[in-house]
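One structure is given below, encoded as structure tokens.
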């Protein structure tokens with residue numbers, strides 16, 4: 001029983017990560033109708049920005065335990081108060097990713113707005129490769145330790161019938177639920193959310209109705225990419241920060257978003273829970289090897305896409321042929 | 001490619017072993033193999049519009065099948081054919097979702113497969129040598145006596161690669177110009193209209209996927225002969241993405257695009273290293289694809305005056 005609970009808690013922690021990235025994907029899908037393959041790497045830029053903001057310039061110069069030199073610390077060390085506490089640093093990271101998202105939307109995807117979906121997907125694939133290369137280029141291929149916002153000493157857990165519910169898991173879910181509430185309000189209760197739907201269904205008509213298309217799209221990209229940076233900081237704190245780590249996470253987040261139905265925030269969170277639990281329970285109770293834990297959720301996504309493309313909570317899309 | 005450029009290319013390919021040294025000739029063999037891998041992506045995406053971000057896994061399946069078939073002391077030619085067929089069958093399995101799943105979702109599924117290939121391969125240590133990789137035993141693959149190449153195995157490898165790649169090229173060209181090729185293109189232009197004209201859309205898609213995967217498998221099998229050391233880590237998602245990117249940068253409108261794409265696949269990292277610009281070629285590939293999307297919708301080949309009049313090959 002305690003082992004079962006432990007596996008559930010582990011799964012729930014990963015589930016929070018997938019859910020938050022899935023929310024970011026859903027957010028962008030609602031705003032632009034686009035699957036953003038580059039989301040993980042845009043978040044990585046923010047993750048490394050926050051690492052730069054919280055690493056003292058002296059440690060970056062070579063001293064200090066496990067910290068490898070972090071490029072860029074000397075550039076920002078003149079800022080008052082640098083190095084910043086983790087929470088503030090993550091804030092910087094979120095802003096960096098959000099700005100990068102807006103920039104990419106202006107420079108790349110807005111120019112492709114009249115081109116086919118094939119071209120738009122190609123553009124995000126190109127951004128995925130380019131940003132993965134950029135992160136390696138600037139910050140090197142080494143793994144970096146990344147501090148956690150929540151207490152994560154070995155003793156920081158609540159004992160629930162023998163299972164260890166760690167504070168980091170609770171914290172990740174607190175962030176997650178706050179995001180869900182805020183995004184739900186943004187999509188369903190504000191004019192911007194209404195504008196998202198209008199633009200996705202017909203951008204030209206929306207523009208004629210006086211909806212500021214550019215500004216609305218910018219908001220969508222900024223929010224989505226900012227959440228990406230947040231997710232990166234949670235992943236990095238639970239493992240390490242290393243280039244390329246987000247591709248697997250993003251695939252699983254896509255699985256979560258698809259299982260939930262791509263246009264439903266509630267579905268994204270449910271999908272995240274399902275993916276996280278599958279990932280920890282399937283290798284736990286079947287002979288399935290744990291290093292292939294990514295496979296079962298992926299298979300679930302593929303099968304669901306084949307037989308129920310709208311997911312569990314999504315709305316069916318009607319296509320005119 | 002018209003008759004004259006084809007003849008010129010063939011002459012150049014035959015003369016090449018006589019004038020370049022061993023290292024350069026091996027590089028040319030590698031380029032031929034990559035042409036085949038890129039041609040696989042080209043055939044799939046160019047004619048059906050399906051996006052596969054996982055063609056690297058078919059190259060990997062071909063390579064490791066080849067290595068294990070050679071362990072069984074099969075003749076090289078037989079092993080090559082079986083390895084190709086195995087990659088083709090893997091292609092059929094991956095193609096199944098493509099019959100129901102459309103657009104970006106197939107890219108997502110294939111990207112996921114590409115991400116999972118190295119860890120799955122490491123689990124199958126008996127076939128892949130786990131994380132350390134394995135060597136390929138190509139002993140017994142001797143050139144026929146009349147060629148007098150016994151002391152020059154690299155020239156023999158080159159000749160084999162040339163013949164196999166040229167064979168696949170002819171096959172692809174003829175296929176695309178046949179009734180089957182027109183049927184496949186029709187499904188890309190308008191699936192429902194094609195179905196209404198009696199084209200079996202499912203068969204066309206699955207068939208194209210299988211052929212394109214088989215091509216990538218042949219490329220992997222040849223790779224195992226040229227460089228007899230294989231590691232699953234070499235077939236990771238960046239490899240697949242670079243293959244895809246190269247094919248799109250080269251241009252999906254004409255077969256020449258696959259050749260240009262392979263040259264870009266090899267040339268871009270080389271140029272980058274030569275100029276000492278970047279540590280990671282991924283950035284160069286990503287930026288290259290972005291630029292091509294923005295300024296040259298038909299790829300590098302589309303910029304050539306002969307091809308620029310062709311209608312836009314974008315998929316909708």
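Among A:233-246, A:121-134, A:286-299, what's the highest-first ranking by average C-beta atoms within 10 angstrom per residue? The partial results should precede the final answer.
Details: A:233-246: 21.5, A:121-134: 24.9, A:286-299: 15.8.
Sorting A:233-246, A:121-134, A:286-299 by mean packing, highest first, produces A:121-134, A:233-246, A:286-299.
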What is the mean number of Cβ atoms from other protein chains located within 10 Å of the Cβ atom of each residue in peptide A:290-299, rounded to a whole number? 3
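Sort the following peptides by mean Cβ neighbour count (other Cβ atoms within 10 Å, averaged over residues), highest first: B:76-88, B:110-122, A:167-179. The partial results should precede the final answer.
On the way: B:76-88: 20.8, B:110-122: 22.8, A:167-179: 18.7.
The peptides rank, most packed first, as B:110-122, B:76-88, A:167-179.
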How big is the equivalent ellipsoid of the range A:210-277 along its three axes, where each semi-axis is √(5λ) from the Cα gyration tensor, reported in whole Å from largest to smallest? 24, 18, 9
Which three lengths, in whole Å and largest first, does the range A:214-321 cover when its Cα atoms are put on their principal axes? 47, 35, 22
The Cα extents of the range B:126-247 along the principal axes, largest first and rounded to whole Å, are 58, 41, 26
Viscosity 1.306 mPa s, temperature 10 °C: Stokes-Einstein D of the range A:65-137 from its Kirkwood Cα radius, in µm² per second? 106 µm²/s
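Hey, fewest Cβ within 10 Å first, where do A:8, A:225, B:161 land in order?
Working: A:8 20, A:225 31, B:161 25.
Ascending Cβ contact count within 10 Å gives the list A:8, B:161, A:225.
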The protein assembly as shown: spread of alpha-carbon positions along the three principal axes, whole Å, largest first, is 78, 59, 53
Rounded to the nearest 10 degrees, the helix B:281-295 long axis (Cα) sits at an angle to the longest Cα principal axis of chain B of 30 degrees
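Within 10 Å of each residue's Cβ, count the other Cβ atoms and sort A:41, B:26 from fewest upward.
Values: A:41 30, B:26 17.
Ordered from fewest to most neighbouring Cβ atoms within 10 Å, A:41, B:26 come out as B:26, A:41.
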Tell me whether the range B:185-316 comes out rounded, prolate or oblate; compute the Cα gyration tensor, take square roots of the eigenvalues as a ≥ b ≥ c, and use a/c under 1.5 as the rounded threshold. oblate
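Students often check this: by mean Cβ neighbours within 10 Å, which of B:61-68, B:43-50, B:12-19 ranks highest, and how do the rest follow?
Values: B:61-68: 26.8, B:43-50: 25.1, B:12-19: 12.2.
In descending order of packing, they fall as B:61-68, B:43-50, B:12-19.
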Just to be sure I understand: if I project the alpha-carbon convex hull of chain A onto a plane and average over all orientations, what area do I get in nm²? 18.1 nm²
Estimated [θ] at 222 nm from DSSP helical runs (n ≥ 4, -39500 (n - 2.57)) normalised by residues in chain B, nearest 500: -24000 deg cm²/dmol
Can you give me the convex hull volume of the Cα atoms of the range A:96-178, divided per residue and expressed in Å³? 180 Å³
When Cβ neighbours within 10 Å are restricted to other protein chains, what is their mean count per residue of peptide A:131-142? 4
Nearest-ten-degree value, helix B:3-19 long axis tilted from longest Cα axis of chain B: 20 degrees
Whole-Å distance, taken between Cα centres, linking the range B:55-129 and the range A:197-243: 36 Å
What Kirkwood radius, in Å to one decimal, follows from the Cα pairs of the range B:34-137? 14.6 Å
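Take B:277, B:175 and order them by how many other Cβ atoms sit within 10 Å, fewest up front.
Values: B:277 12, B:175 17.
Lowest to highest Cβ neighbour count: B:277, B:175.
Add -39500 (n - 2.57) for each DSSP H run of 4 or more in chain A, then divide by its residues: what number comes out at 222 nm, to the nearest 500 deg cm²/dmol?
Details: 13 runs with 212 residues, N = 321.
Estimated from H runs of four or more residues: -22000 deg cm²/dmol.
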Degrees between helix B:22-48 axis and first principal axis of chain B (Cα, 0 to 90, nearest 10): 20 degrees
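Can you give the direction-averaged projected area of the convex hull of the alpha-carbon atoms in the range A:108-239, in nm²?
Working: hull surface 46.0 nm².
Answer in nm², one decimal: 11.5.
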Between the alpha-carbon centers of the range A:105-147 and the range B:138-188, tell me the distance in whole angstrom. 36 Å
According to the Kirkwood expression over distinct Cα-Cα pairs, how big is the hydrodynamic radius of the range B:1-83, in Å? 15.3 Å
Quick one: divide the alpha-carbon radius of gyration of the range A:32-190 by 2.2 N^0.38 Å and tell me what you get. 1.25
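If you build the Cα gyration tensor of chain B and take the root of 5 times each eigenvalue, what three semi-axes come out, in whole angstrom, biggest first? Don't skip to the answer; put the middle values down first.
On the way: eigenvalues 172, 110, 85 Å².
Semi-axis lengths for chain B are 29, 23, 21 Å.
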How shielded is A:108-120 by partner chains, expressed as the average number of their Cβ atoms within 10 Å of its Cβ atoms? 4
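Read the figures in this text as sums done on the coordinates, not as results from a lab. Just so we're clear, the structure is a prediction, and the values are computed from it rather than from any experiment. Every residue, glycine as well, gets a Cβ built from its backbone with ideal geometry; the counts of neighbours run over all protein chains shown.
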